[in-house]
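The values are calculated or read from the model by the stated rules, or taken from the named source; none is laboratory data. These numbers come from a predicted model, not from an experiment. Every residue, glycine among them, receives a Cβ derived from its backbone with ideal geometry; neighbour counts consider all protein chains shown.
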C-alpha cells in the first residue's frame, strides 16, 4: 500500500513538472494564462518601479521555501474573476516546508489583489509594509504567522508600519498564528475591513483581528465567528493610543476565548464606536465579559443598536468597561451567564449615560456601577433601577430561542404588544418604523431596533435661528450663500450630516440658491408654502 501511494505521488510530481512553466527571479509585464500552471522554483519579485499583471486563472505553485515580493514603487495587478481566480499555493505533500508568502514592501499604492486564493504560506499569506493595498473577493486560508512585532503573527494578512489596507468581501479562514490569526496590524496602520467572513482562525490573541499601535480601523458588515484563542478572539485592539475605531453591523458569534471575550479594547485614546452588532453565543470560561474595554481616553465608548445575548463566561456577562466613559443607547443585554459572578453591564472608574436599553435575564446584577457615576433613563431593567422612565417588565422579545430580539407587537402578528414600544426617551425617534425595526409612533422604542434618529428642533425657513420665518431670513440666506457666514442652526439628520435644515424651504434636502427664489415667491404670496426635508422633519422649539 505504501509503495502504491509513493508511486502515485511520484507520478503526479512528474506530471506537474511536465506540464508546468518554471519561474524564478524578476517578473514584469504580463503573466499569461497560457503558461499556467507556473512552478515557482526560487524567489520571484516585481522589481523596483516595475509592474506585473497576472491574468485570471493563473496558478503559481511554489516548490520550495521561497517568496513573492513586490518591491519599492512596484505594482501588482492580480485580478481574477469569480470563475477564474488566481492561485498562490504549494502542494504541502510534495513541499512540506511550505512557501514564505507574498510581500508588498513600500510598493506603489495602486496594487490590487482580487479574486485570488492565497494558501499554505508559512510566514503570512499577504504582508504589506509602508504601502497601501486593496484585497477584495479573495480566499485566504491555511496560512501560518510571520515573524512580525510579537513574532508568529498575521497568518492571513499582516499590515505593518504605516500601511493602509482595504480588505473587502474576502473569506479569511483556517489561519493560525500566535497573534492575529486572520488579520494583524501594527504601527501606524489604517484598515478598512468590510464584508468579510473571518472564521475558524486560531491563536493566542485576536484570532480573528488583532490591531496594535495603529491610527484606526473601520470594521463593518463582517461575519466573525468560530475563532478560538486566549484573549479577544474576534477583535482585539491594544495600545492604539492615537487610534479611532468603529465596529459596525458585524455578526460576532461562537468565538471561544480562554480569558477575555470576543471583543477586547485596551488603552486607546480617541474613542470607539460600536453600532448595530450582534454578539452572541461566545464563550470565555476563565474571565471577562463578551465586550471588555479598558482605559479609553477622551471620546470614550459609544454603543448603540447592539445585541449582546447568550454569551457564557466565568466572570462578567455582557459588557465590562473600566476607566472609560460610556454612552450606551438602544442596546439589548440579555440571557448572558457567568459562573462566578456577572452582570449585564459593569462600569468601573468612569461615567456612563445609559438610555433606551434592555437588561434582562443576565446572571447577577443587571447594572453594576457606582450610582454617582451612571445616569440610567428610559430603560427596561429586570429588578428595576432608579431613573426617569425606567421600567421593570418582561420586554416580550419575539423569539429568543431563534435569536429574534425584536419586540412583539400585534400589528406584526404577534400575540402581545411589548411594553417597550413607545417607552423610550422622547429626545429620540425610531429611524425606521416597520416589523423589522422600530415600532414607536410617539417616542422611540426601548431596545436595539428603536431610536437611531435624534429629531432636529427648528422652524422651517428660520435661517437666522430667531424663532420665526420672515424676510430677514431671506437676507440672511443671501449673505450666507455669498459670504459663507455661519448658519443659524445645523441638524444631524439621516443621510444628511451637518445639514442646514432651516434653510431648505423647498423640501429638496439641500440648502442652496434655489431655496432663496422659492422663499421670495412664498413671501410675495404666489408661491407654495415652505416645505421641510422629509428626512429631517422639524420639532418646533
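Restricting the range 468-493 to residues that are outside any helix (DSSP H, G or I), surrounded by fewer than 20 Cβ atoms within 10 Å (Cβ to Cβ) and more than 41 Å from the chain's Cα centre (by Cα) leaves a set whose member that is modelled with the lowest pLDDT is 468.
Please count how many residues of the range 215-229 are at pLDDT below 90, part of a strand (DSSP E or B) and surrounded by fewer than 24 Cβ atoms within 10 Å (Cβ to Cβ).
Selection size over the range 215-229: 1.
Candidates in the range 185-197 are the residues that are assigned to a strand (DSSP E or B) and over 20 Å from residue 273 (Cα atoms); of these, the one that is farthest from the chain's Cα centre (by Cα) is 186. Evaluated against (1) in a loop (DSSP other than H, G, I, E, B); (2) within 15 Å of residue 353 (Cα to Cα), residue 395 falls short on exactly one condition, (2). Return only the number of the condition from (1) surrounded by fewer than 24 Cβ atoms within 10 Å (Cβ to Cβ); (2) within 23 Å of residue 257 (Cβ to Cβ); (3) over 15 Å from the mean Cα position of the chain (by Cα) that residue 212 does not satisfy. All conditions pass for residue 212, except number (1). Residues in the range 117-133 that are buried (at least 24 other Cβ atoms within 10 Å of the Cβ) and under 16 Å from residue 60 (Cβ atoms): 118, 121, 125, 126. Taking the range 12-99 as the region of interest, the strands (runs of 3 or more DSSP E) fully inside it that hold 1 or more residues being under 27 Å from residue 169 (Cα atoms) are 29-31, 38-46, 51-54, 59-62, 67-70, 75-79, 86-89. Scanning the range 168-182 turns up no residue that is under 19 Å from residue 273 (Cβ atoms) and assigned to a strand (DSSP E or B).
One line per residue, one yes/no per condition, for (1) surrounded by 18 or more Cβ atoms within 10 Å (Cβ to Cβ); (2) at pLDDT 95 or above; (3) in a helix (DSSP H, G or I):
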| site | (1), (2), (3) |
| --- | --- |
| 359 | yes, yes, no |
| 363 | yes, no, no |
| 366 | yes, no, no |
| 388 | no, yes, no |
| 405 | yes, yes, no |
| 411 | no, no, yes |
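A single entry from 101, 80, 73, 50 fulfils the requirement of being surrounded by fewer than 17 Cβ atoms within 10 Å (Cβ to Cβ) and either without any contact (Cβ under 8 Å) to a residue 60 or more places away in the chain or more than 34 Å from the chain's Cα centre (by Cα) (or both): 73.
Quick grid of which residues meet (1) at pLDDT 90 or above; (2) within 19 Å of residue 245 (Cβ to Cβ); (3) surrounded by fewer than 20 Cβ atoms within 10 Å (Cβ to Cβ):
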position	(1), (2), (3)
135	yes, no, no
139	yes, no, yes
146	no, no, no
151	no, no, yes
158	yes, yes, no
172	yes, yes, no
187	yes, yes, yes
194	yes, yes, yes
204	no, no, no
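Conditions (1) at pLDDT 95 or above; (2) within 18 Å of residue 138 (Cα to Cα), marked per residue:
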{"residue": "74", "(1), (2)": "yes, no"}
{"residue": "79", "(1), (2)": "yes, yes"}
{"residue": "82", "(1), (2)": "yes, yes"}
{"residue": "97", "(1), (2)": "no, no"}
{"residue": "101", "(1), (2)": "yes, yes"}
{"residue": "105", "(1), (2)": "yes, no"}
{"residue": "111", "(1), (2)": "yes, yes"}
{"residue": "115", "(1), (2)": "yes, yes"}
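The set of residues in the range 328-352 being closer than 20 Å to residue 449 by Cβ and part of a strand (DSSP E or B) consists of 328, 329, 332, 333, 334, 344, 345.
Listed conditions (1) modelled with pLDDT of 85 or more; (2) in contact with a helix residue (DSSP H, G or I) (Cβ under 7 Å, 6 or more places away or on another chain) are all met by residue 502, apart from (2). Being in a loop (DSSP other than H, G, I, E, B), surrounded by 17 or more Cβ atoms within 10 Å (Cβ to Cβ) and in contact with a helix residue (DSSP H, G or I) (Cβ under 9 Å, 6 or more places away or on another chain) is the filter here, so list the residues in the range 431-461 that pass it. Correct list: 439, 458, 459, 460, 461. Exactly one residue among 300, 350 is at pLDDT below 80 and in contact with a strand residue (DSSP E or B) (Cβ under 9 Å, 6 or more places away or on another chain), and that residue is 300. Where residues in the range 521-541 are surrounded by fewer than 14 Cβ atoms within 10 Å (Cβ to Cβ) and within 21 Å of residue 467 (Cβ to Cβ), which of them is modelled with the lowest pLDDT? Restricting to residues being surrounded by fewer than 14 Cβ atoms within 10 Å (Cβ to Cβ) and within 21 Å of residue 467 (Cβ to Cβ), the top hit is 541.
Here is the figure for the range 257-281: residues that are surrounded by 19 or more Cβ atoms within 10 Å (Cβ to Cβ) and modelled with pLDDT under 90 total 12.
Remark: pairs (first residue in the range 171-192, free of Cβ contacts under 8 Å to residues at least 12 places away in the same chain and on the phi > 0 side of the Ramachandran plot; second residue crowded, with 24+ Cβ neighbours inside 10 Å and assigned to a loop (DSSP other than H, G, I, E, B); Cβ separation under 7 Å; 6+ apart in sequence or on different chains) are absent.
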